[in-house]
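**Student:** One structure follows; several queries about it will come next.
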Amino acid sequence: MIDNLPQLEADALATITAAADSEQLTDVQTDVVGKGAPLTLARRDLGSLPPEDRKAAGQALNEVRARIEQALETRRSEIAAVERVAQMETERLDLTEVSESAHIGHAHIVTQAWEALEDVFAGMGFRVAEGPQVETDWHNFDALNIPPGHPARDGFDTIYVEHGEPGSTLLRTHTSPVQIRAMLTQEPPIYIVAPGRVFRRDTADSTHLSVFQQIEGLVIDKGISLADLAGTIEAFTDSYFGSDFSSRLRPNHFPFTEPSAEFDIQLPDGSWLELGGCGMVHPNVLKAGGIDPEEWSGFAFGFGIDRLAMMKFGVDDIREAFTNDIRFIRQF
Ligand code: DAH
């Protein structure tokens, strides 16, 4: 065996290179350097050599063994690297994958309409304003030219809150009190819209709920006329609904505007839909807001956001939008 060392080394190195995985390499290791391996057995042959040859033969044997062990080690780390990559591949989690069955939520139809309205009016130069839902009787009525005993108060089905003097605090029945708050806190010119939640003692039916949302608009500037109001409503109709929709004003009456109008939207099929109220801000309202009606004039408008969402999404019973039925919600 000892004469056959070069062949033995070549065979061992070839099997080491051929080992495909760490399990095979472990077997190969036993075969080439284990107890029964030819190389190990060759040690015993040393004794049968003439003493003068033993040293050189022993050294040659050790060198071959060292090279084989080095080759084993190199192959082991090569295999380990390949196996690590393969393991990472099988254990990899694809966190970017979106399952077909996973439903990502979306905003409620009323919120969608609310946000779209804010965008449209912001694009026209309006700022978004807010006011409290629990409001004083003064802001909700008196300041809007609806004094105690005024018949318009009866039309509102107001929900009063037990706070302060009886009848002095209420859940706002419309977003119009935000007009007063804006005038009292800002210097004109004022260009605001105020979307918000309002409350009325109403029996629920397909078009009414006792909690609903409105959006109020208020413009106060110098030389504002009814033409500015009509133009603004038309520009809004164009950008919210599209250029195949148009608008018109019809005379009406509201205590807080003079003159007052109802505004309608004409659908592409020619039919008209009543959307909201508007008008030139009444001088008494300007005065309540601390603004001189001799110097400034303005217009205001208000309409229901829920009504608009129903129209936009083709919902014919508003109660459906608030029953939290996932089959309804998912449609939009
Ligand atoms: N506040 C009225 C309501 O809730 C709507 C309204 C009408 C608002 C005319 C206005 C307006 O600003 O000018 O019924």
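The values are calculated or read from the model by the stated rules, or taken from the named source; none is laboratory data. This structure is a prediction, so every number in the text was calculated from the model and none was measured. Counting neighbours? That spans all protein chains shown, and the Cβs are built from the backbone with ideal geometry, glycine included. These area figures cover heavy atoms from the full protein model, side chains too; ligands, DNA and RNA do not enter into them. Shrake-Rupley method; radii C 1.70, N 1.55, O 1.52, S 1.80 Å.
**Student:** Given charges of +1 on the Cβ of Lys and Arg and -1 on the Cβ of Asp and Glu, with all other atoms neutral, how large is the dipole of the range 282-326 about its Cα centre, in debye to the nearest 20? Walk me through the numbers on the way to the answer.
**Tutor:** Values: 4 positive and 8 negative charges, 2 e Å.
So the dipole magnitude of the range 282-326 works out to roughly 20 debye.
**Student:** So how do 98-107, 311-320 stack up, highest first, on mean other-Cβ count within 10 Å?
**Tutor:** The most tightly packed comes first, giving 311-320, 98-107.
**Student:** Amide H to amide H under 5 Å from GLY279: which residues, 5+ apart in sequence or cross-chain, H placed 1.01 Å off N in plane?
**Tutor:** Counting only residues 5 or more places away or on other chains, the set is ALA261, ALA300.
**Student:** Quickly work out the THR74-to-ALA235 label distance, labels modelled 7 Å from Cα along the C-beta direction, and quote it in nm with one decimal.
**Tutor:** Roughly 8.0 nm, to one decimal.
**Student:** Take every DSSP beta bridge whose two residues both sit in the chain, then give the antiparallel share in percent to the nearest 5.
**Tutor:** Working: 45 of 47 bridges.
Counting only bridges with both partners in the chain, antiparallel ones make up about 95 percent.
**Student:** Compute the Cα gyration tensor for the range 109-329, then decide on rounded, prolate or oblate, letting a ≥ b ≥ c be the square roots of its eigenvalues: rounded whenever a/c is under 1.5, prolate when a/b is larger than b/c in the other cases, and oblate in all that remain.
**Tutor:** Values: a/c = 1.73, a/b = 1.12, b/c = 1.55.
Judged from the Cα gyration tensor, the range 109-329 comes out oblate (a/c at least 1.5, b/c at or above a/b).
**Student:** HN-Hα J couplings of the range 299-314 from phi, Karplus 6.51/-1.76/1.60, θ = phi - 60°, integer Hz, Gly and Pro as x?
**Tutor:** Values per residue, Gly and Pro as x: 10, 9, 8, x, 7, x, 6, 4, 4, 5, 5, 4, 5, 5, 9, x Hz.
**Student:** Pick from VAL32, VAL120, VAL161 the residue whose mean-square fluctuation is largest in a GNM of the chain, springs joining Cα atoms under 10 Å.
**Tutor:** In this elastic network of the chain, the residue with the biggest mean-square fluctuation among VAL32, VAL120, VAL161 is VAL32.
**Student:** Please build a GNM for the chain, connecting alpha carbons under 10 Å apart, and tell me which residue among LEU61, LEU218, LEU286 fluctuates the most.
**Tutor:** Result for the chain, Cα springs under 10 Å: LEU61 fluctuates most.
**Student:** Specify the angular offset, from 0 to 90 degrees and rounded to the nearest 10, of the alpha carbon long axis of helix 226-241 from the longest principal axis of the alpha carbons in the chain.
**Tutor:** 30
**Student:** Relative contact order for the chain: what is it in percent, counting Cα pairs under 8 Å that are at least 6 residues apart? If you can, show how the numbers build up before the last one.
**Tutor:** Working: 503 pairs, mean separation 46.6, N = 332.
Once divided by the residue count of the chain, the mean separation gives 14 percent.
**Student:** I'd like to know which of PHE199, SER22, LEU286 lies farthest towards the positive end of the charge dipole of the chain, counting +1 on Cβ of Lys and Arg and -1 on Cβ of Asp and Glu.
**Tutor:** In the chain, that residue is SER22.
**Student:** Moving on. Quick one: dipole size for the chain, taken about the Cα centre, charges +1 on Lys/Arg Cβ and -1 on Asp/Glu Cβ, in debye to the nearest 20.
**Tutor:** On the way: 27 positive and 53 negative charges, 128 e Å.
Computed charge dipole of the chain: roughly 620 debye.
**Student:** While we're looking at this one, here's another question. Each label point is 7 Å from the Cα along the Cα-to-Cβ direction; what then is the distance between the points at ASP27 and LYS55, in nm?
**Tutor:** Roughly 4.3 nm, to one decimal.
**Student:** While we're looking at this one, here's another question. In whole Hz, with x marking every Gly and Pro, tabulate ³J(HN,Hα) for the range 204-220 from phi via Karplus 6.51 cos²θ - 1.76 cosθ + 1.60, θ = phi - 60°.
**Tutor:** Karplus values, whole Hz, x for Gly and Pro: 5, 9, 5, 10, 10, 10, 7, 10, 8, 10, 10, 10, 10, x, 9, 10, 10.
**Student:** Further, regarding this structure: Could you sort 178-190, 48-60, 7-19 so that the peptide with the highest average Cβ count within 10 Å comes first and the rest follow in order?
**Tutor:** On the way: 178-190: 19.3, 48-60: 11.2, 7-19: 15.9.
The peptides rank, most packed first, as 178-190, 7-19, 48-60.
**Student:** Treat every Asp and Glu Cβ in the range 201-295 as -1 and every Lys and Arg Cβ as +1, leave all other atoms uncharged, and give the resulting dipole magnitude about the Cα centre to the nearest 20 debye. Write out the running numbers ahead of the final one.
**Tutor:** Details: 5 positive and 16 negative charges, 39 e Å.
The calculation lands at about 180 debye.
**Student:** Here is a further query. Extending each Cα 7 Å along its Cβ direction at GLU187 and TYR160, get the distance between those two points in nm, one decimal.
**Tutor:** It is 4.0 nm.
**Student:** Something else about it: So what's the gap between the Cα centers of the range 235-283 and the range 193-230, to the nearest angstrom?
**Tutor:** Using only Cα atoms, the two centres lie 12 Å from each other.
**Student:** Apply the Karplus parameterisation 6.51 cos²θ - 1.76 cosθ + 1.60, with θ equal to phi minus 60°, to every residue of the range 128-142 and state each ³J(HN,Hα) to the nearest whole Hz, in sequence, with x for glycine and proline.
**Tutor:** For the range 128-142, the Karplus-derived couplings read 8, 10, 9, x, x, 7, 8, 10, 7, 4, 5, 5, 6, 10, 3 Hz, x marking Gly and Pro.
**Student:** Separate question: Of ILE326, ILE305, which has the most accessible area and how do the rest follow, probe 1.4 Å?
**Tutor:** On the way: ILE326 95, ILE305 0 Å².
The ordering from most to least exposed comes out as ILE326, ILE305.
**Student:** Roughly how many whole Å is it from the C-alpha centroid of the range 62-76 to that of the range 100-168?
**Tutor:** Here the answer is 84 Å between Cα centres.
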